[in-house]
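Read the structure below first, then the notes.
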Amino acid sequence: MGTVLVVAEAQPRHAGNMPALAPISYELLGAARRLGGDDVVAVLSGTEVRPLAGELAAHGAAQVYVADDPALADYVAETYLPVVEQAICHAQPSLVLLGQTANGRELAARLAFRLGCGLVTDCTRLAVNAGTLVMTKPVHGGSAIAEYVAEAPAALQMATLRPRAFEPAGRVGAKPAAIVGLEVPAAVVAQAAERTRVIETVRQVSSGPRLKDARIVVAGGRGVGSAADWHLVAELAAALGGAVGATRAVTDAGWAPPSLQVGLTGATVTPDLYVAVGISGAVQHIAGCAGARTIVAINRDPNANIFKHARFGVVADYRQVLPALARRIAELRGD
Ligand SMILES: Cc1cc2nc3c(=O)[nH]c(=O)nc-3n(C[C@H](O)[C@H](O)[C@H](O)COP(=O)(O)OP(=O)(O)OC[C@H]3O[C@@H](n4cnc5c(N)ncnc54)[C@H](O)[C@@H]3O)c2cc1C
């Protein structure tokens, strides 16, 4: 396979918290190690991220490129891009893996254009078949699975990986890290500052898990009926220790914030359990939740499309089902 370069991400920094790798970094390393064996390198950009190089090495990166600079405190494509380009130039990988995250998808598209190589986004599986890399991803809103291979001869290939679709790398022991420091030229920083500036970072505070990381998601659709009834969805999510999701019909109506939208133009979630309440199952919504291990649908229309995707279905008015469900959960928990 040759060298696989992982473009790692650090968790966004908030006052007082220690630098940490984002979960996608471990997943990228896991996928890279399964393909590249020991020939895995990583690149990381940010502020105070140098201590994380050891963590990347301990999870399988034989070499770690780190750009640790106050100018990289906020993610800006113009400053992060040259760092990854330098790492590619130095490591000469045959494959570059990024996360299908807000940062990763922007960087990947720009890199592919600059380097003139192909890019397959949102992969859910990577495999090598007779020496050829096969990149698999859902297409047509999740209703079909496509396999992509690069046209020969492709010196460099690139893919972004869907969060939570790949097993994270385990520790390989305390391997000494071969760390290569990279710098962002001052001219690049100055030029970037002219074009893009982070004015404010708004941190969404919620009591439950983050939608994208949640193992349980309770999502509501237009069938919930009104903003006044939305609390029923939120209460079931809280009872199950899960996150709240919504369809576009709901976020457009303002019953829930746009950040909770699941689907083609919203978040892609891959929880163990996805409870769809009053959701018809439009292809654009399914695109965001088809990766859930188990979908439970509650809908009063027995012909609703969501039932084609659900493992368990309840044909009923959700107003009768949700309170009964919440009561049973409370009983089982001994509340
Ligand atoms: C380019 C594009 C991108 C889009 N992106 C997205 C996206 O990212 N995410 C997304 O969600 N949508 C997206 N959409 C919109 C999508 O096509 C659907 O319109 C939307 O998903 C429908 O939302 P819904 O299921 O909540 O509403 P509806 O389709 O109106 O379904 C409501 C369901 O609730 C059921 N219901 C009604 N009352 C009850 C009750 N009391 N109890 C139980 N069930 C009840 C009904 O039987 C029905 O099945 C996109 C559309 C386009 C064109």
- Message: Counting other beta carbons within 10 Å of each residue's own, what order do Glu85, Glu167, Glu200 fall into, fewest first?
- Response: Glu200, Glu167, Glu85
- Task: Evaluate the distance, in nm, between pseudo-label points positioned 7 Å from the Cα of Arg203 and of Phe312 along their respective Cα→Cβ axes.
- Result: 3.6
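Counting DSSP beta bridges with both partners in the range 4-195, what percentage is antiparallel, nearest 5?
Values: 11 of 36 bridges.
Looking only at bridges with both residues in the range 4-195, the antiparallel portion is about 30 percent.
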- What number, in percent, do you get for the relative contact order of the chain if the mean sequence gap of Cα pairs under 8 Å and at least 6 apart is divided by its residue count? 14
- Message: Only counting other Cβ atoms within 10 Å, I'd like His59, His231, His285 sorted with the fewest neighbours first.
- Response: His231, His59, His285
- Spatial extent of the range 211-333: Rg and Dmax, with the Cα atoms as the point set, Å: 12.7, 38
- Mean separation of Cα contacts under 8 Å, 6 or more apart, over the residue count of the range 47-173: relative contact order %: 28
- Task: In whole Hz, with x marking every Gly and Pro, tabulate ³J(HN,Hα) for the range 278-295 from phi via Karplus 6.51 cos²θ - 1.76 cosθ + 1.60, θ = phi - 60°.
- Result: x, 10, 6, x, 4, 4, 5, 7, 4, 3, x, 10, 4, x, 5, 5, 9, 10
- For the range 10-81, alpha-carbon Rg and Dmax in angstrom: 12.4, 37
- Message: Run the numbers for Arg215 and Val134: contour at 0.36 nm per residue of separation, minus the present Cα-Cα distance, in nm.
- Response: 26.4 nm
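Beyond 16 Å, what share of the Cα-Cα pairs of the range 243-294 remains, rounded to the nearest whole percent? If you can, show how the numbers build up before the last one.
Values: 406 of 1326 pairs.
Of the Cα pairs, 31 percent sit more than 16 Å apart.
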- Note on the structure: Label model pair Ala193, Ile145: point-to-point distance (7 angstrom along the Cα→beta-carbon line) in nm is 5.0
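Per residue, what volume in Å³ does the Cα convex hull of the chain take up? Let's see the in-between values first.
Numbers: hull volume 52.9 nm³, N = 335.
Normalising the Cα hull of the chain by residue number yields 158 Å³.
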- Query: Working out 0.36 nm times the residue gap between Ala227 and Ala330, then minus their Cα-Cα distance, what length gain in nm do you get to one decimal?
  - Reply: 34.6 nm
- Task: Before rounding to the nearest 500, sum -39500 (n - 2.57) across all DSSP H runs of length at least 4 in the chain and divide by the residue total; then give [θ] at 222 nm in deg cm²/dmol.
- Result: -9000 deg cm²/dmol
- Message: Starting from the 7 Å offset along Cα-to-Cβ, what nm value, one decimal, do you get for the label separation of Arg300 and Met18?
- Response: 5.3
- Going from the fewest other Cβ atoms within 10 Å to the most, one would list Cys289, Cys89, Cys123 as Cys89, Cys123, Cys289
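A short reminder: the numbers here are calculations on the coordinates, not readings from a lab. Remember, it's a predicted structure, so these values are computed and weren't measured experimentally. Virtual Cβ from ideal backbone geometry, glycine too; neighbours counted across all protein chains shown.
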